[in-house]
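This report concerns only the one structure given below.
The values are calculated or read from the model by the stated rules, or taken from the named source; none is laboratory data. Keep in mind that what you see is a predicted model, and the values were worked out from it rather than measured. Ideal geometry is used to build each Cβ from the backbone, glycine not excepted, and the neighbour counts take in all protein chains shown.
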Amino acid sequence: MTGRHHFAAFDMIKRAIITYLAGFWNAFSGEKKFVILTTEANSSMSDVHNRMPVLLQEKEIEEWMEDDVFMELALKRIPPYLLSREAIASKSL
């Protein structure tokens, strides 16, 4: 059995900030394996690396899991701008 999946990453700075990452999973040789999908980095990430995860909003998770048209759009769109650690910390105060 194979399928699409999303992964949530947590950054604990006074509150949970959840980032949803698009991915695929499959059972292979009796083990569940997964891959997190990446895309070309946007300007908030390009100084660090030329790739970044395909990001989803919480409201997009069901569409990612069920809708092939949405999946193609999500893979081709420009990723959202990511806040720096300093910007996150200042919003948490």
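Structure notes:
- With respect to being modelled with pLDDT under 85 and on the phi < 0 side of the Ramachandran plot, THR38 falls outside the description.
- For ASP47, the criteria (1) assigned to a loop (DSSP other than H, G, I, E, B); (2) at pLDDT 90 or above hold in every case but one, which is (2).
- Some residue of the stretch 52-63 being touching a helix residue (DSSP H, G or I) at 6+ places or on another chain (Cβ under 6 Å), modelled with pLDDT of 85 or more and assigned to a strand (DSSP E or B): yes
- Scanning the stretch 71-84 for residues that are more than 19 Å from VAL35 (Cβ to Cβ) and not in a loop (DSSP other than H, G, I, E, B) yields one hit, LEU73.
- Selection status of ALA22, modelled with pLDDT under 70 and of a type in the set (Gly, Ala, Ser): no
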